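The values are calculated or read from the model by the stated rules, or taken from the named source; none is laboratory data. Keep in mind the model is a prediction, meaning the values are calculated, not measured. Positions of Cβ are backbone-derived with ideal geometry, glycine not excepted, and every protein chain shown enters the neighbour counts. Just the protein is used for accessible areas: all its heavy atoms, side chains included, with ligands, DNA and RNA removed. Shrake-Rupley method; radii C 1.70, N 1.55, O 1.52, S 1.80 Å.
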Amino acid sequence: MARKLRVRKHRVILNRSAGGDAGITVMLIILGALMFLPMYYSLITSLKPLDELWLFPPRFYVTNPTLKNYGDLFKLMSTSWVPFSRYIFNTVLITVAGTFGNLCLGSLAAYALSKIPFPGKNVMFRMIVLSLMFVSTITGIANFITFSTLGLVDNLLAIILPACCSTLGLYLMKQFMDSSVSNEALESARLDGASEFRVFWSIAMPMVKPAWLTLIVYSFQGLWNTGASIYIHSEQLKTFNYAISQILSAGIIRAGASTAAMVIMMIVPVTVFVITQSNIIETMSSSGMKD
Amino acid sequence: MSQNTAVKEQKAKPVSRKDMTKAQWTWKEMKKNKAGYFMVAPFFILFFVFTVVPVFLSMILSFTSFNLLEMPKVVWLDNYVRLFLDDDIFLTAVQNTLIFAVFTGPISYLLSLFVAWFINELSPRMRAFVTLIFYAPSISGAMYSIFGILFSSDRYGYVNAFLIEYNFIDEPIQFFQNASYVMPLCILVALWTSLGVTFLSFIAGLQTVDVSLYEAGAIDGVRNRWQELWYITLPTMKEQLMFGAVMSITGSFGFGGIVTALAGFPSVDYCAWTIMHHLEDYGGQRFEVGYSSAIATILFIMMITSNLLIKKLLSKVGQ
C-alpha cells in the first residue's frame, strides 16, 4: 500500500512532460512487443494443426487450434530408449535435492556471515562476491577430475553437490539479512540463552522469507534447465531438458512437437516467477554491492 | 551454551583489546564465535571443493600436458604458446568472445536500466505484468530455439517468408549458414534472453529511492525526468548499479549455449566460435586437460579483470 501511495505522490510533485510520457509509452510498447512476439509465436506454432504448420507464408495466428502437437511430443518421447518418465524423474530429483541443499547450506552460511562477528568472515564474503564474477563452465574440467577421483562420474550427485554451493542465493540472502534483520532481536534471544542455531532458525529465518523464496527460485530455475552434462553418460540419468534438446536438434521437420516441448519447459519457471515475483523484487532491493 | 559462558567470562574479567596482541585477540574472538564456523562450514567445504580448488587446479594444470590416463607432465608455458601462436581457431574465439561481451554486456545493462526506469511509475499491477514480459525470456529454458524456426531458410522461416512476400529478396537467406549473419543474430538472441537478475535488481533499486529526495531535488531546480535520473536516482542506487554490472558482465561471457543451439557446433567457418566452445571442445570432448585448463584460465582472467575494471569505473560515478 505504501508503495502505491509513493508512486502517486511522486507523480503529483514532479513535472512530467506529456511528450516524455508518450515517448516512453511508445518505446515500452515496441520493446515489449519485440520481447513477447517470439514467445507468442512458439505458443501459436505449438497449437497449429499439421496443415497450418505447412502453410506458406507462415501465419502469426492459428485458425483451428489443437493440442495434437503435445500428444505427438509424448508419443515421440515414449519411443525413446528410456521411458520418458525417467527423464522427468531425474530432472525433478536434481531440482528438489539441489534446491533443498542450497537452501539449507546457503541460509546457514548467510546467517553466520551476516550476524556472527567471527574473524575471517569478510574474506569469505569477498570470495563469494568474486565467485559471482565468473561462469561455472571454467571449473568444469577440474571438477571432472574431482568427480572421477570420488567415483561420482555418472552419478546425479555430480550435479546436485555443486548446486548446493551455488553462491547467488547466498549472496542475496546475506545482503537481505544485513538490511532487514535487526541485531537487537537476535541479541535479546541470545541473552535468554538461545543457541546460535536456535536464533537462526526461530528468529532470523522467519524474518527473511522473501530471501529464501528468492534463493529457491534461482536454484530451481538453474537446475530445472540442466541439460547435457560432461559428468553424466548413461541415458537413464539424463534430464528432461536433454531429452527435449534431442527433439529440437532433430530439426525443423518437427516444428510442432519442438515448440510444444519449448512451451512445456517454459511454463514451470514462468509460473514460479509469477507467484514469487513480489518477494523476489523485495529481496533485490537489498542486492546492492558495496565498495 | 558455550556462547553463554563466553559472555559470562567476559563480564567477570573485562579485558580490553589493548591488553592483548592481535593474535590473542583474534583467537579469543574465534573461540567466542565458534558457532559461526560451524554454520558456514557445510557450505564453504562444498564451495572450496567445487569452485575455489578447481580454479587453482586449472591454473596449475594449465602448465602441464595431461590426458587423464597418464601422469601429468610439466610443460611450463607450452600450452599458452600453442594457444596464442599455433591455434588460429582460438584467436577467432577470443575475438568473437570479446565482440559478444562488448555488445551484449553494455546493451543488456542499459536495456535493463532503462526498461526498469520506464516502468517505475506504472501502477504496481501493470508494473508486475510488464516485468513478467521482459523477464520471461531469460528464464524460459530453450525457448530461444524459436529463433531457429523464425529465421530458418525453409517453409517455416517466418522472416524469409515475410521478406519474399514483400519482394525484398527472391530466395531465402540461409541465416545460420552465412557467416555474416550468424554473429549479429546470436547477439540479438542473447540480448533477448539477457534481462535477468540485473533487470530485477534495478526495478527494486528504483522502487527504494526515497521520495523526499525527489521533492528536495524539485525545489533545488531539477527540471525534468532526465536530470532527476542523473542527479538523484542513479547516485542513490549506486550499489544496485554495481551488482547489476557484475551480473551483466558475467552473463555476457556465458552465451555459448545459445550459439550452439542456433548455429551448431561448430558454427560455419567458426564464425561464432567463442572461448566457451573451445573449452568444451578440448575439455569435454578431446580430454586434453592441460590445454583446456589453459583456456579456462584465460577465460577466468578475462572475466575477473573486466569485472574488477568496471567495478572500479562505476565506483567513480557521482564522486
task = At a 1.4 Å probe radius, which order do A:Glu187, B:Glu171 fall into by accessible area, largest first?
result = B:Glu171, A:Glu187
query = If you place +1 on the Cβ of every Lys and Arg, -1 on the Cβ of every Asp and Glu, and leave all else neutral, what size is the dipole of chain B about its Cα centre, to the nearest 20 Debye?
reply = 2240
ask   = Measuring from label point to label point, each 7 Å out along Cα→Cβ, what is the A:Lys290 to A:Thr149 span in nm?
value = 3.6
message = Rolling a 1.4 angstrom probe over the protein chains, ignoring ligands and nucleic acids, what is the accessible area of A:Val123 in square angstrom, nearest 10?
response = 90
The protein assembly as shown, accessible area per residue, ligands and nucleic acids excluded (1.4 Å, Å²) = 47
query = How big is the accessible area of B:Lys34 in square angstrom, nearest 10, if you roll a 1.4 angstrom probe over the protein chains?
reply = 90
message = Between A:Trp201 and A:Val62, what is 0.36 nm times their sequence separation minus the Cα-Cα distance? Round to one decimal in nm.
response = 44.8 nm
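Mind giving me the FRET efficiency for B:Asn224 and B:Arg125? R0 is 35 Å, r the Cβ-Cβ distance, nearest 0.05 is fine.
Values: r = 27 Å, r/R0 = 0.77.
With a Förster radius of 35 Å, E is 0.85.
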task = Using a 10 angstrom cutoff on alpha carbons, build the Gaussian network for chain A and name the most mobile of A:Met27, A:Met35, A:Met173.
result = A:Met27
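How fast does the range B:87-315 diffuse by Stokes-Einstein, in µm²/s, taking the Kirkwood radius from C-alpha pairs at 10 °C and 1.306 mPa s? Walk me through the numbers before you get to the answer.
Numbers: Rh = 19.8 Å.
Value of D from the Cα-based Kirkwood radius: 80 µm²/s.
Kyte-Doolittle mean at least 0.5 and Cα extent at least 18 Å along the axis: which DSSP H helices of chain A qualify? Don't jump to the answer; show the numbers that get you there.
On the way: long enough: A:18-46 (41 Å, 1.48); A:84-115 (46 Å, 0.96); A:167-180 (20 Å, 0.22); A:209-224 (22 Å, 0.67); A:255-284 (39 Å, 1.47).
Qualifying helices, which must be both long enough and hydrophobic enough, are A:18-46, A:84-115, A:209-224, A:255-284.
Add -39500 (n - 2.57) for each DSSP H run of 4 or more in chain B, then divide by its residues: what number comes out at 222 nm, to the nearest 500 deg cm²/dmol?
On the way: 17 runs with 202 residues, N = 319.
Here the helix-only value at 222 nm equals -19500 deg cm²/dmol.
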inquiry  = Could you work out what % of the accessible surface of chain B is carbon and sulfur, using a 1.4 angstrom probe and leaving DNA, RNA and ligands out of the count?
reply    = 65
Peptide-level mean, for A:191-197, of C-beta atoms on other protein chains within 10 Å = 4
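So which of A:Lys121/B:Lys312; A:Lys174/B:Lys31; B:Lys28/B:Lys311 end up more than 29 Å apart, counting from Cα to Cα?
On the way: A:Lys121/B:Lys312 23 Å; A:Lys174/B:Lys31 23 Å; B:Lys28/B:Lys311 35 Å.
Those over the limit are B:Lys28/B:Lys311.
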key: Residue among A:Gly101, A:Gly151, A:Gly169 with the largest mean-square fluctuation in a Gaussian network model of chain A, springs linking Cα atoms under 10 Å   = A:Gly151
ask   = How many partner chain Cβ atoms sit within 10 Å of a residue's Cβ in peptide B:213-224, on average, as a whole number?
value = 2
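Given the DSSP H assignment, sum -39500 (n - 2.57) over each helix run of at least 4 residues in chain A and divide by its residue total; what's the result at 222 nm in deg cm²/dmol, nearest 500?
Working: 14 runs with 201 residues, N = 291.
After summing the helix terms and dividing by the residues of chain A, the value is -22500 deg cm²/dmol.
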ask   = Across 10 Å bins from the origin, how do the percents of Cα pairs in the protein assembly as shown run, short distances first?
value = 3, 14, 24, 26, 19, 10, 3, 1, 0, 0
request  = Set the Förster radius R0 to 22 Å, insert the Cβ-Cβ distance between B:Asp210 and A:Ser278 as r into 1/(1 + (r/R0)^6), and round the FRET efficiency to 0.05.
outcome  = 0.60
query = What average count of beta carbons from other chains do you get within 10 Å of the Cβ of residues in B:272-285?
reply = 2
Gaussian network model of chain B, Cα within-10 Å springs - most flexible of B:Asn120, B:Asn224, B:Asn67 = B:Asn224
note = For the pair A and B, the solvent-accessible area buried on both sides (1.4 Å probe; DNA, RNA and ligands excluded), in Å² to the nearest hundred, is 9800
ask   = In nanometres, what is the gap between the two model label sites at A:Ser234 and B:Leu309, each 7 Å from Cα along Cα-to-Cβ?
value = 4.7
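How large is Rg/Rh for the range B:54-197, to two decimals, with Cα atoms and a Kirkwood Rh?
Working: Rg = 22.0 Å, Rh = 19.4 Å.
With Rg and the Kirkwood Rh in hand, the quotient comes to 1.13.
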query = Once label points are set 7 Å from the Cα along Cα→Cβ at both A:Ser85 and B:Val53, what is their separation, rounded to one decimal in nm?
reply = 3.9
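What is the Å³ per residue value for the convex hull set by the Cα atoms of chain A? All intermediate terms of the calculation are to be shown ahead of the outcome.
On the way: hull volume 60.5 nm³, N = 291.
Per-residue hull volume (Cα only) is 208 Å³.
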